[in-house]
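A.B. asks: Can you keep this structure in mind? I'll have questions shortly.
The values are calculated or read from the model by the stated rules, or taken from the named source; none is laboratory data. Small disclaimer: the values here were computed from a predicted structure and weren't measured. With ideal geometry, Cβ positions are generated from the backbone for all residues, glycine too; neighbour counts draw on all protein chains shown. Ligands, DNA and RNA are excluded from the accessible area calculation, which covers all protein heavy atoms including side chains. Shrake-Rupley method; radii C 1.70, N 1.55, O 1.52, S 1.80 Å.
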Amino acid sequence: MKGRTFIITGPSGVGKGTIIQELFARQPKLYFSVSATTRGPRPGEENGVHYHFISREQFEQWIQEDAFLEHAEYVGNCYGTPKKYVDEAMDRGEDVILDIEVQGAEQVYRKRPDAVRIFIAPPSWEELEHRLTGRGTESADKVRSRLARAKEEFHFAADYDYIVINNTVEEAVEEIRAIIRAEHCRPAQRLPLLNAAL
Ligand code: 5GP
């Protein structure tokens with residue numbers, strides 16, 4: 001069976017990074033799609049692990065070469081999902097996790113309607129503000145832009161297949177694992193197995 005694509009979206013500062021890290025610690029057979037970005041690395045971020053950090057020129061070239069499954073601009077920087085690695089992982093039967101924002105999620109869903117969309121929400125607006133400010137990785141200006149963007153992103157949550165509230169990382173990860181498991185029980189996934197076996 002081919003792997004499935006799980007899109008994980010949520011406002012900046014909601015804790016997606018931590019949730020995804022913990023998800024992989026518990027379910028290492030998933031494949032994380034490493035995006036390309038024109039933003040500079042934060043302390044501790046490694047090229048090829050957290051992102052492929054590339055120039056705007058190179059990003060434009062990848063667009064020309066149709067190398068992205070989706071791409072979008074987010075608060076002044078470009079982000080994109082390299083298509084090749086996602087397809088290769090799915091062909092190997094691995095489930096792919098995409099950590100992307102709403103515009104990218106929409107593009108993927110239009111091209112691949114069987115992709116599962118999961119929206120991660122904070123327990124409250126105040127909590128999001130607190131987390132984003134407390135992270136200390138962005139200037140006050142960037143924090144303001146990211147908060148404004150987060151407000152817009154909330155409007156898209158209703159279009160998603162699932163909403164996970166990040167009360168605790170533990171609960172959020174368990175909910176995502178439950179979603180992945182349930183999605184593998186859908187008839188489209190199970191009937192081919194049954195037909196082959198019966
Ligand atoms: P950050 O700069 O905080 O790492 O990411 C900013 C936003 O860009 C986050 O919402 C993240 O999910 C999103 N993002 C990361 N990679 C991609 C990508 O390949 N495509 C799109 N559309 N968004 C991405």
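A.B. asks: Within the set of pairs 6 or more residues apart or between chains, which connect a residue that is at pLDDT 85 or above inside the range 116-138 to a residue that is open to solvent by 40 Å² or more (accessible area, probe 1.4 Å) and part of a helix (DSSP H, G or I) with Cβ atoms less than 8 Å apart?
C.D. replies: Here the result reads Arg117/Tyr109; Arg117/Asp159; Ala121/Phe154; Pro122/Arg131, each pair linking the range 116-138 to a residue that is open to solvent by 40 Å² or more (accessible area, probe 1.4 Å) and part of a helix (DSSP H, G or I).
A.B. asks: Sticking with this one: Condition check: exposed (fewer than 13 other Cβ atoms within 10 Å of the Cβ) and either on the phi > 0 side of the Ramachandran plot or at pLDDT 95 or above (or both). Does Gly15 satisfy that? So that I can check it myself, show each step before the final result.
C.D. replies: Values: exposed (fewer than 13 other Cβ atoms within 10 Å of the Cβ): no; either on the phi > 0 side of the Ramachandran plot or at pLDDT 95 or above (or both): yes.
For Gly15, the condition - exposed (fewer than 13 other Cβ atoms within 10 Å of the Cβ) and either on the phi > 0 side of the Ramachandran plot or at pLDDT 95 or above (or both) - is not met.
A.B. asks: Name the residues in the range 7-27 that are away from the ligand (no atom under 12 Å from the Cβ) and in a loop (DSSP other than H, G, I, E, B), would you?
C.D. replies: Gln27
A.B. asks: When you scan the range 28-40, how many residues do you find that are without any contact (Cβ under 8 Å) to a residue 60 or more places away in the chain and away from the ligand (no atom under 16 Å from the Cβ)?
C.D. replies: Adding up the residues that qualify gives 1.
A.B. asks: So, in the range 113-127, exactly how many residues are in a strand (DSSP E or B) and of a type outside the set (A, V, I, L, M, F, W, C)?
C.D. replies: Here the count works out to 1.
A.B. asks: Which of (1) more than 29 Å from Arg56 (Cα to Cα); (2) part of a strand (DSSP E or B) does Met1 not meet, given it meets every other one?
C.D. replies: Looking at each condition in turn, Met1 falls short on (2).
A.B. asks: Take Leu30 and tell me if it is more than 17 Å from Gln103 (Cα to Cα) and hydrophobic (A, V, I, L, M, F, W, C). Before you say what the answer is, go through the steps one by one.
C.D. replies: Numbers: more than 17 Å from Gln103 (Cα to Cα): yes; hydrophobic (A, V, I, L, M, F, W, C): yes.
So Leu30 passes the test.
A.B. asks: Continuing with the same structure: Which helices (runs of 4 or more DSSP H) sit wholly inside the range 137-198 and have at least 3 residues that are within 21 Å of Ala105 (Cα to Cα) and open to solvent by less than 60 Å² (accessible area, probe 1.4 Å)?
C.D. replies: In the range 137-198, the matching helices (runs of 4 or more DSSP H) lie at 140-154, 169-183.
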